[in-house]
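Peer 1: Handing you this structure, nothing more for now.
Read-outs throughout are calculated quantities, based only on the coordinates presented, and are distinct from any laboratory measurement. Every value quoted in this text rests on a predicted model; they were computed, and no experiment measured them. So basically every Cβ, Gly included, is an ideal-geometry build from the backbone, and we count neighbours across all protein chains shown.
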Amino acid sequence: MATKLWELWIIDRAGLALVHVKSDKISSRQQVSPVLFSGILTAVETLAAEAIDAIKMKDSKIIIVPVKDPVKFFVVGRVKIKEKDLNVRKILFKIRDAFIMEFAEILNCWAGDQTIFNYFKEITEKLYF
């Protein structure tokens, strides 16, 4: 069975969730607030001596891929605890590459309009959820 994401965030370094996609298969109790999560992740990453690459919970884990070039952001995926980290990272790297290809020029002068990322959310949802 192919690895499927439960949730996906693309977060800028200021803590704003540019993209958030969640599976309709997870209950509202299992969902992580995108606003709260993006702020916490950014704060912890700023304070951490080393980069955080995963957060494990009871039934799921969050895998974090920091991006430094051409612009700084995070690609973050949440999956079942039993999924292999390597498989999740491969998906997140594909999403990172597609996001950079599509939005690198826009992000250099981005003015804060999150709606420009909506179609990327739809494409990602079809491929990885």
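Peer 1: Please list, in order along the range 101-109, the HN-Hα scalar couplings obtained from phi with the Karplus expression 6.51 cos²θ - 1.76 cosθ + 1.60 (θ = phi - 60°), rounded to whole Hz, x for Gly and Pro.
Peer 2: 4, 7, 10, 3, 5, 5, 5, 5, 10
Peer 1: Which ³J(HN,Hα) values in Hz, rounded to whole numbers, follow from the phi angles of the range 64-75 under the Karplus curve 6.51 cos²θ - 1.76 cosθ + 1.60, where θ = phi - 60° and Gly and Pro get x?
Peer 2: Result, rounded to whole Hz: 10, 10, x, 10, 10, 9, x, 9, 8, 6, 10, 10.
Peer 1: I would also like to ask the following. Provide the gained length on full extension for the span GLU125 to ASP24, in nm with one decimal, where the gain is 0.36 nm per separating residue minus the Cα-Cα distance. Intermediate results must be reported in sequence, preceding the final value.
Peer 2: Working: separation 101, 0.36 × 101 = 36.36 nm, distance 1.04 nm.
Computed gain between GLU125 and ASP24 is 35.3 nm.
Peer 1: Among LYS94, LYS25, LYS56, determine the one that fluctuates most according to a GNM of the chain built with springs between C-alpha atoms less than 10 Å apart.
Peer 2: Of LYS94, LYS25, LYS56, the Gaussian network model singles out LYS25 as fluctuating most.
Peer 1: Can I ask one more? Along the range 8-16, what does the Karplus equation 6.51 cos²θ - 1.76 cosθ + 1.60 (θ = phi - 60°) give for ³J(HN,Hα), rounded to whole Hz, x for Gly and Pro?
Peer 2: 9, 10, 10, 10, 7, 5, 7, x, 8
Peer 1: Could I have the simple spin-label model distance between ASN118 and ALA14, label points 7 Å from Cα toward Cβ, reported in nm to one decimal?
Peer 2: 2.1
Peer 1: At 222 nm, what value in deg cm²/dmol follows for the chain if DSSP H runs of at least 4 each add -39500 (n - 2.57) and the sum is divided by all its residues, to the nearest 500?
Peer 2: Numbers: 3 runs with 49 residues, N = 129.
The helix contribution divided over the chain gives -12500 deg cm²/dmol.
Peer 1: What percent do you get for the relative contact order of the chain when only Cα pairs under 8 Å and 6+ apart count?
Peer 2: Details: 171 pairs, mean separation 37.0, N = 129.
Taking the mean separation of contacting Cα pairs over the length of the chain, I get 29 percent.
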